[in-house]
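The structure under discussion appears below in the form of structure tokens.
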There are 2 protein chains.
Amino acid sequence: MSAAAATAAQLAQAREARAAYRAGAVAPTSGVAHGLVQANLIALPADWAFETLLFAQRNPKPMPVLEVLEAGRVESRLAPGSDVRTDIPAYRVWRDGELADETTDASAAWEEHPDLVAFLIGCSFTFEAGLVDDGIPIRHREHDRNVPMYRTSTACAPAGRLHGELVVSMRPIPASRVADAVTISGRFPAVHGAPVHIGDPGSLGIADLSAPEFGDPPVMQDGDVPVFWACGVTPQAAIMASRPPFAVTHAPGHMFVTDVPDAAYAL
Amino acid sequence: MSAAAATAAQLAQAREARAAYRAGAVAPTSGVAHGLVQANLIALPADWAFETLLFAQRNPKPMPVLEVLEAGRVESRLAPGSDVRTDIPAYRVWRDGELADETTDASAAWEEHPDLVAFLIGCSFTFEAGLVDDGIPIRHREHDRNVPMYRTSTACAPAGRLHGELVVSMRPIPASRVADAVTISGRFPAVHGAPVHIGDPGSLGIADLSAPEFGDPPVMQDGDVPVFWACGVTPQAAIMASRPPFAVTHAPGHMFVTDVPDAAYAL
């Protein structure tokens, strides 16, 4: 991470947003504090911490670790004054790999499991900002939809009890801009980086591009190529597959907004 | 890691070298199987594994993790058929942070602690090959010496019980080639990457460049600038500072030779 600094206006937006979420506001965070990094949350009991970090180390494209908050820590270094138990707009609580609850405040989860270790994982919003800034169309934003996400037939490298399949997000990119999209996203290896797959959904095990497992169906235009990036939903898929006794994650699209500019993670 | 493949000649050299070390041969590995990745070894009891991986995650420049072998595993995926207990020319055994033994075979250490988790960490030999291939002089090689290494006044980010100071290696680079050395080593973030410091040893807390803590005194030529890279000895310094009850490392300069080409880790 470089020492790039956020602007005062960006910081004010990020802090205002976190304060609102802490007070109970619920909204997707796409577009909030443009140019600042947002993060996925996965928190597991301490007994699972090594395997979770190892699973991330072995699968760095879907699980780029930005920060680890050990048991007892709730303030992220990426956002001084923050509290990861309250400052995300919506949380999901998982029991034995099943979604048990969705809540705007995870304090009770932390009270139930004070040994939770929280992992903040990079988010594709970072390179999307780079694509937008370079004039590459983001179809799901143009149509005010959520990005389509798919399970694949590609297994992640397992780590102890943790295993699962790679989840990818897909953005249709005009053929003439695919190389630019690779270059731009490739500058951000800490937030999924370059695509994992370009074209031919079938060889990823995706039978029907119009039926994503998560998010909304895609809008393809003539001449668009489907481009697939490793997705931060992968660890949630691993929770479903591996069934740890307890876990807390953010709700999809409701991310942790940090004070750190995207540029801090650029090569 | 990309899918770049080693040549048959390189693989033969690497396998022959590992077989010789397994049979008892002892020699520094600099120059062995040119173009293939070599790795530092740190192995700690399972109880320390999360903190070790977290220490690496927080200090990726000195501790770029190439692979983790969980308790019970001794074969590296980076070198099929290998055994990390025997295939390194020389090992160091640490007790309570003190060097207790140096040996050519760590099998007894693994028998004493079958729960050892082994971490293979990137090594600067990888980017040195890149510098040499680009015609940048490596003074310590020209004079057949070990690279000079220094403790600094820069603390690593701690992780639980693990803490310690950053150790750097130094290579004098002609002023006209410093930018090239930055660019070339920067292509290999998985093996220390770009320098952490260029010029002015004093601001790193290095009082006397001619008196390194590890390795041999440097040979500077007129017009050379001291360039400092994060060093794989940093985790050994952390063992000395943090005093875990038991640890095994390679002996400096006696690395684990893999089957993986340097190019696999290039951006």
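The values are calculated or read from the model by the stated rules, or taken from the named source; none is laboratory data. Predicted, not measured: the structure shown is a model, and the values here were computed from it. Positions of Cβ are generated from backbone atoms using ideal geometry, with glycine treated the same way; all protein chains shown enter the neighbour counts. Heavy atoms of the whole protein, side chains included, go into the accessibility calculation; ligands, DNA and RNA do not. Shrake-Rupley method; radii C 1.70, N 1.55, O 1.52, S 1.80 Å.
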Inset, instruction - Please report the relative contact order for segment B:110-237, taking Cα pairs under 8 Å with a sequence separation of at least 6, and give it as a percent rounded to a whole number. - result: 33
Legend entry - Per residue, in Å², the accessible surface of segment B:125-234 once ligands and nucleic acids are set aside, probe 1.4 Å: 40
Inset, instruction - Using R₀ = 35 Å, calculate the FRET efficiency as 1/(1 + (r/R₀)^6) where r is the Cβ-Cβ separation of A:GLU70 and B:ASP222; round to 0.05. - result: 0.10
Legend entry - Part-to-part distance (alpha-carbon centres) for segment B:170-244 and segment B:20-65, which is given in Å: 18
Legend entry - B:ASP224, A:ASP47, reordered so the largest accessible area comes first (probe 1.4 Å): A:ASP47, B:ASP224
Inset, instruction - Compute the FRET efficiency between A:HIS163 and A:ALA4 as 1/(1 + (r/R0)^6), taking r as their Cβ-Cβ distance and R0 = 25 Å, and round to the nearest 0.05. - result: 0.10
Legend entry - Buried solvent-accessible surface, both chains (B, A), 1.4 Å probe, Å² to nearest 100: 1200
Inset, instruction - Provide the solvent-accessible area of B:MET220, counting protein heavy atoms only and rolling a 1.4 Å probe, rounded to the nearest 10 Å². - result: 80
Inset, instruction - Would you be so kind as to list the residues of segment B:61-85 that have their accessible area lowered by at least 30 Å² in the full protein complex compared with their chain by itself (1.4 Å probe)? - result: B:VAL68, B:GLU70
Legend entry - Whole-percent carbon and sulfur share, accessible surface of the protein assembly as shown, 1.4 Å: 53
Inset, instruction - Please tell me the relative contact order of chain B in percent, rounded to the nearest whole number, where contacts are Cα pairs under 8 Å and at least six residues apart. - result: 33
Legend entry - Cα-centred dipole magnitude for chain A, charges only on beta-carbon of K, R (+1) and D, E (-1), debye, nearest 20: 340
Inset, instruction - Before rounding to the nearest 500, sum -39500 (n - 2.57) across all DSSP H runs of length at least 4 in chain B and divide by the residue total; then give [θ] at 222 nm in deg cm²/dmol. - result: -6500 deg cm²/dmol
Inset, instruction - Would you be so kind as to identify which of B:LEU54, B:ALA17, B:GLY72 lies farthest towards the positive end of the dipole of chain B, taking Lys and Arg as +1 and Asp and Glu as -1 on Cβ and the Cα centre as origin? - result: B:LEU54
Legend entry - Additional length obtainable on full extension of the chain from A:HIS143 to A:ALA27, 0.36 nm per residue less Cα span: 40.0 nm
Inset, instruction - Determine the shape class of chain B: with a ≥ b ≥ c the square roots of the Cα gyration tensor eigenvalues, call it rounded for a/c under 1.5, and otherwise prolate if a/b is greater than b/c, oblate otherwise. - result: oblate
